[in-house]
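The values are calculated or read from the model by the stated rules, or taken from the named source; none is laboratory data. In this text, all values refer to a predicted model and were calculated from it rather than measured experimentally. Cβ sites come from the backbone with ideal geometry, for glycine too, and all protein chains shown count toward neighbours.
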Amino acid sequence: MKVLLWLQSIFGQDERVRQIRVATAIGSLVGLAFSVFNIVTDGMMALGLIELGSVLLLIVPAIAISRIPRWVSLSESLLLLAAIIIFGALVVHGGIEGTGILWVYTLPFLAFFLKGQCLGWRYSAAFLVLTAIYLLWLAPLTTFGLHYTPTVSTHFLLSLAFYTLVAAAFNYVRVRYEAQLLHAKESAEQASQKSRLAQAQSDAAYAAKSRFLAAASHDLRQPAHALGMFVDRLSQVRSSPPPELLDGIEASARALQEMLDSFFDYSRLEAAADQIKEVPVSISAQFAHLRVCFANSAAEKNLTLRVRACVNAWAQTDPILLQRILLNLVSNAIRYTVEGSVLVTCRRTADAQRLRIQVWDSGIGMDARHHEQIFEEFFQIDNQARDRTKGLGLGLSMVARSCKLLQHPLELRSQPGCGSRFTLTVPCAPAPPLPTPALASAQPEPGVLKDMKVLLIEDDQLGGEAMRMLLQDWGCRVHLARTAEQALDSARQGGVPDLVVSDYRLDGDLSGIDVITRLRHMLNWEVPACLISGDTDADLRALAASAGLLLLKKPVQPAKLRSYMRRVVTSGQKRPTTPVAETAPR
């Protein structure tokens, strides 16, 4: 019965109503025909009247109420009751020459069809028991009806039991195959739905990438155009260039670098799911970093920046992604706040299992219809002209995607003219044990990079010359190699460097990692080295890390490179005083 109800819930009541109406219509026509036939037949008047009464009092009402879905079950019961009465009368009276008993075999099939496996068994078994009681014990005592011989009664009961088993088996197979058919239909619909969803996601991703490329192309052209104009003007200056010209070149180059950094950070989120490392993170340390980063920018706009952390609050999260989220939220709060204040707070939830980090501002706020749009790529309210001073429109998109990767809920409350509040919920973490105090490292003195021997491997002429001049301005002695062979030849000739700076993609079969590995083998020491590349592939970062190399992405920020070089100098590593013969294979 449960299987039947499950099938009905899938097919719907309409199909069931149609089946019952067809069954009752057939039953009424056959019942009327036989009742009239038996009434006009000698000796069959009682049987005909019973059949006519069953049709008029049970089957016809079943047809009427089967139109109402909630009464379909009652209609089935009336139809089955009519069949039991008619077939019971056939058993008693026998029909014409006893042939009426043959129709009784259809009762089990009708019971299983109408009531399912469980109730079908009950109705069929009850009818079989009552028939056996009548034929074996009551029939010999009655003076009416047809009297059967013991042999006929026994054969009839055995055959009725057999047909009951056949009806049950048939119904079981029918239900099973219907279930398989429905399962196949449901699977096909799910597959079709998944296909439509995948197509919709593909279309959305294509449209998003198109918007990304269009907006990125526009945003990159602006500072590139300005830089070209500045450089053209610089070529016409015969004497020392004016300060405003140099400032313009520097500002244009910085704008290009910041944009490329934003684009690379955004693209890295595609592969960040496999690189998430959730560890206990100090909220106080994160907030202290925010205070240092934004104190000046808030003061320049006469804004009050307040940063309040919980005492001894630690969160279980990825420190890099959390820092990006907070930097973007606070940066946006300061950018869109004209006057007033920006507040960054952290509070524990009532169950002390989570932390709520909130960024409040008294800025312009936003309408509710924009609360979802602002998390889309390049969407900015009232910035149709793509003013770079208002950002690129990637910050909140990166925030949303980072929160999704970390599974940290992010909520927004904002109204026009009433400011905004972003709430980030992160799980708490136990505070790690305090580290053993270490001796303070010596601070590098000015000119610490002077006479540092640097082997620079760069096949791009323009990029190589720019890097060489930058390193020379820092006081380094630079040997520029255009190919891997030139770098290896330099080492063979006794040029043992203090540091190797190599591009990853080089002209030839060897990569930057391959060249550095061969140089280390040739020199017989782990010469400090860093890798430079414009690739953002996660596999490259893994390769660099496995080789013990720092990976700097293009465009390289000089401050990062210089910081690494200072660490190399202060680490105390000494290069061999004499070169070692090459043993690495060519």
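Just one residue in the set 522, 469 is surrounded by 13 or more Cβ atoms within 10 Å (Cβ to Cβ) and assigned by TED's automatic domain parsing to the domain that holds residue 546; that residue is 522.
Summed over segment 295-325, residues that are β-branched (Val, Ile, Thr) and either surrounded by fewer than 16 Cβ atoms within 10 Å (Cβ to Cβ) or not assigned by TED's automatic domain parsing to the domain that holds residue 352 (or both) total 3. Of the residues 94, 145, which single one is out of contact with any His (no Cβ under 8 Å at 6 or more places or on another chain) and on the phi > 0 side of the Ramachandran plot? Testing whether each residue is out of contact with any His (no Cβ under 8 Å at 6 or more places or on another chain) and on the phi > 0 side of the Ramachandran plot leaves just 94. Within segment 337-377, if we keep just the residues that are of a type in the set (Ser, Thr, Tyr) and surrounded by fewer than 18 Cβ atoms within 10 Å (Cβ to Cβ), the residue that is nearest to the chain's Cα centre (by Cα) turns out to be 349.
The rows are residues; the columns are (1) basic (Lys, Arg); (2) closer than 19 Å to residue 502 by Cβ; (3) at pLDDT below 85; (4) surrounded by 15 or more Cβ atoms within 10 Å (Cβ to Cβ).
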residue: 549; (1), (2), (3), (4): no, yes, no, yes
residue: 553; (1), (2), (3), (4): yes, yes, yes, yes
residue: 561; (1), (2), (3), (4): no, yes, no, yes
residue: 567; (1), (2), (3), (4): yes, yes, no, no
residue: 570; (1), (2), (3), (4): no, no, yes, no
residue: 574; (1), (2), (3), (4): yes, no, yes, no
residue: 578; (1), (2), (3), (4): no, no, yes, no
residue: 582; (1), (2), (3), (4): no, yes, yes, yes
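Counting the residues of segment 17-59 that are under 13 Å from residue 89 (Cβ atoms) and of a type in the set (Phe, Trp, Tyr) gives 1.
Could you tell me which residue of segment 405-435 is nearest to the chain's Cα centre (by Cα), considering only residues that are at pLDDT 85 or above and of a type in the set (Gly, Ala, Ser)? Only one residue fits best here, namely 429.
Among the residues making up segment 476-517, those that are in contact (Cβ under 8 Å) with a residue 60 or more places away in the chain and assigned to a strand (DSSP E or B) are 499, 501. Does residue 37 count as closer than 24 Å to residue 147 by Cβ, assigned to a helix (DSSP H, G or I) and free of Cβ contacts under 8 Å to residues at least 24 places away in the same chain? When the stated conditions are applied, residue 37 passes them.
Criterion applied to 100, 88 was being surrounded by fewer than 21 Cβ atoms within 10 Å (Cβ to Cβ) and part of a helix (DSSP H, G or I), and the one residue passing it is 88.
Yes/no matrix, rows are residues, columns are (1) modelled with pLDDT of 90 or more; (2) farther than 30 Å from residue 43 by Cβ:
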{"residue": "100", "(1), (2)": "no, no"}
{"residue": "108", "(1), (2)": "yes, no"}
{"residue": "119", "(1), (2)": "yes, yes"}
{"residue": "124", "(1), (2)": "yes, no"}
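Residue by residue, here is whether (1) surrounded by fewer than 14 Cβ atoms within 10 Å (Cβ to Cβ); (2) over 19 Å from residue 102 (Cα atoms); (3) not assigned by TED's automatic domain parsing to the domain that holds residue 103 holds:
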residue: 131; (1), (2), (3): no, no, no
residue: 143; (1), (2), (3): yes, yes, no
residue: 146; (1), (2), (3): no, no, no
residue: 154; (1), (2), (3): no, no, no
residue: 177; (1), (2), (3): yes, yes, no
residue: 181; (1), (2), (3): yes, yes, no
residue: 204; (1), (2), (3): yes, yes, yes
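Taking the listed residues 119, 107, 81, the one that is touching a residue at least 60 places away in the same chain (Cβ under 8 Å), closer than 30 Å to residue 21 by Cα, in a helix (DSSP H, G or I) and of a type in the set (A, V, I, L, M, F, W, C) is 119, with no other qualifying.
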